[in-house]
Each structure stands twice: as C-alpha cells, then as structure tokens.
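> Here it is, the structure in full.
The values are calculated or read from the model by the stated rules, or taken from the named source; none is laboratory data. A quick note: this is a predicted structure, and the numbers were derived from the prediction, not measured. Here the Cβ is made from the backbone with ideal geometry for all residues, glycine too, and neighbour counts use every protein chain on show.
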Amino acid sequence: MPANALYDLASVSKVAATTLAMMKLYDEGKFRPDKYVQDYLPDTKGTVVGPLLMQDVLTHQAGLTPWIPFYKQTLLADGSLDPRYYNQAKIPGFTIKVADNIYMRDDYRDSIWAQITQTPLKTKGSYKYS
C-alpha cells in the first residue's frame, strides 16, 4: 500500500468520538443508555423521537431514517441555490456558513429539526448502512 494512500475516516470518527463522549458522560453520571431521548432533549417530547431509548439510537436500532436530504427543498428547479435560503455574504439572518461565500438562513435550523422529529420511524431494529 502506498504511503500516501487516502482513507475515508468519517464514519469511523463519528463512532469513535461519540463512544468516548458517551463513556465520559456515563462515568460522570450525566448519561444513561437506558434513558429516553426526551430526557436529554426535552424539545423531542411529544414527537416520534422523544420516546426512543438512547441505547437504541446509539446502536442504530431505533428506526431513525438514516439520511434526510434537507438541502433539496432549498434549491431551485435548475438545482441552483434558492436565494430565499442562501446569501453570498454573512448578514443578519444569514449567518450559518455552508461553504465559502454561502450562508444559510438562521431559521432553517428549525425546519431541519422539525423534519427530524416528524419523519416516521422505520422498523425498530433495522438500519440500512450505505
């Protein structure tokens, strides 16, 4: 294998970082895998996400949709960025940096949160890895 070989560590780093963080919080008495999402994120109470067990979420067994293409509704029919959602400069109301010279509306976070908490769950115990 060449010394300059590249590896995609994104999936590995997500697991490694989450595991270490959860272990630390568990040791500090701030996290328990047998508690519910709504115990840690009160805004999820009354949604499909709230009553999910943290251990099921962390082991990909909760039935969450693996990927929601949030960006699609922020594009125009030709695939370009919709100016209702993006601006080329950081100005009040558009402060979320997406890329160089592309800033998203601050309130779009609420739309993303709503989509996550309102998307129907898949069968518990199933997860499709990409």
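> Against the condition more than 24 Å from Pro120 (Cα to Cα) and surrounded by 12 or more Cβ atoms within 10 Å (Cβ to Cβ), how does Leu52 come out, does it pass? Spell out how you get there, then give the answer.
Details: more than 24 Å from Pro120 (Cα to Cα): no; surrounded by 12 or more Cβ atoms within 10 Å (Cβ to Cβ): yes.
Judged against the criteria, Leu52 is not a match.
> When you scan region 38-52, do you find a residue that is modelled with pLDDT under 90 and either of a type in the set (A, V, I, L, M, F, W, C) or under 25 Å from Asp110 (Cα atoms) (or both), even just one? Write out each step before concluding.
Let us first name the residues in region 38-52 that are modelled with pLDDT under 90, namely none.
Within region 38-52 (the criterion being modelled with pLDDT under 90 and either of a type in the set (A, V, I, L, M, F, W, C) or under 25 Å from Asp110 (Cα atoms) (or both)), the answer is no, since none of the residues qualifies.
> Another question, if that's okay. Considering each of Lys14, Lys24 in turn, give the residue that is loosely packed, with under 14 Cβ neighbours inside 10 Å, under 16 Å from the mean Cα position of the chain (by Cα) and not hydrophobic (A, V, I, L, M, F, W, C).
Numbers: Lys24 fails: under 16 Å from the mean Cα position of the chain (by Cα).
From the options Lys14, Lys24, the qualifying one is Lys14.
Results for (1) polar (S, T, N, Q); (2) farther than 27 Å from Tyr108 by Cα, shown as yes or no for each residue.
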| site | (1), (2) |
| --- | --- |
| Lys24 | no, yes |
| Glu28 | no, yes |
| Lys35 | no, yes |
| Thr65 | yes, no |
| Ile68 | no, no |
| Lys72 | no, no |
| Leu75 | no, no |
| Asp78 | no, no |
| Arg84 | no, no |
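> Looking at (1) farther than 19 Å from Val15 by Cα; (2) at pLDDT below 95, which is the only condition Tyr103 fails?
Result: Tyr103 fails condition (2) only.
> Inside region 41-65, can you point out the residues that are within 14 Å of Thr117 (Cβ to Cβ), in a helix (DSSP H, G or I) and without any contact (Cβ under 8 Å) to a residue 60 or more places away in the chain?
Just the residues of region 41-65 that are within 14 Å of Thr117 (Cβ to Cβ), to begin with: 41-52, 57, 62-65.
This time we only want the ones that are in a helix (DSSP H, G or I), so: 42-44, 57.
Scanning region 41-65 gives Pro42, Val57.
> Condition first: in a loop (DSSP other than H, G, I, E, B) and in contact with a Leu (Cβ under 7 Å, 6 or more places away or on another chain). Now tell me which residues in region 69-121 satisfy that.
First pass over region 69-121, keeping only residues in a loop (DSSP other than H, G, I, E, B): 69, 76-80, 82-85, 88-90, 92-93, 95, 100-101, 105-107, 119-121.
Asp82, Leu121 - these are the residues of region 69-121 that are in a loop (DSSP other than H, G, I, E, B) and in contact with a Leu (Cβ under 7 Å, 6 or more places away or on another chain).
> Moving on to the next point. Out of (1) surrounded by fewer than 11 Cβ atoms within 10 Å (Cβ to Cβ); (2) in contact with a Lys or Arg (Cβ under 8 Å, 6 or more places away or on another chain), what's the single condition that is false for Ala3?
(2)
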